[in-house]
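Q: Provided herewith is a single structure, encoded as structure tokens, for subsequent inquiry.
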């Protein structure tokens, strides 16, 4: 590439545009991808909602995140409706208030 400056002769600039090597990409594990999906789903949760709390590894991540946000005060007045004994125990251990479908037949969200 040639550069011209007023009152000077034309000079040639280096055309070496090779970018520095990027760090190697790390492939995420299936569990890490599930955690990302669960956290994204929890972004739709708002204070005051009645939530269906599912079962399984992705739901476990979502429930962990809901418990974390409750403890941080970023979510308040949440009621969870668990789908299994295991989910019930996990939610209780995180301080998530629980109910059932008989008492709360309408769910606002099931992340």
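No value in this document is a laboratory result; all are computed from the given coordinates. These numbers were taken from a predicted model, which means no experiment stands behind them. FYI the Cβ positions are ideal-geometry reconstructions off the backbone, even for glycines, and counts take in every protein chain you see.
Q: Mind running the shape call on region 16-73? Use the C-alpha gyration tensor, a ≥ b ≥ c as the square roots of the eigenvalues: rounded below 1.5 for a/c, prolate if a/b tops b/c, oblate otherwise.
A: Numbers: a/c = 3.82, a/b = 2.34, b/c = 1.63.
It is prolate, given that a/c is not under 1.5 and a/b is the larger ratio.
Q: Arranged by the count of other C-beta atoms within 10 angstrom, fewest first, what order do 25, 71, 61, 88 take?
A: 25, 71, 88, 61
Q: So between residue 76 and residue 107, what do we pick up on full extension, going 0.36 nm a residue minus the alpha carbon distance? Could the numbers behind the result be given before it?
A: Details: separation 31, 0.36 × 31 = 11.16 nm, distance 1.62 nm.
Full-extension gain reported as 9.5 nm.
Q: Under the classification rounded if a/c is under 1.5, otherwise prolate if a/b is larger than b/c and oblate if not, where does region 72-111 fall, given a ≥ b ≥ c as square roots of the Cα gyration tensor eigenvalues?
A: oblate
Q: So if each residue of separation counts as 0.36 nm, and I subtract the Cα-Cα distance between residue 25 and residue 94, what length gain in nm does that give?
A: Gain on stretching residue 25 to residue 94: 21.4 nm.
Q: Still on this structure: Using alpha-carbon positions, what is the distance between the centroids of region 12-83 and region 85-99, in Å?
A: Cα centroid of region 12-83 versus Cα centroid of region 85-99: 20 Å apart.
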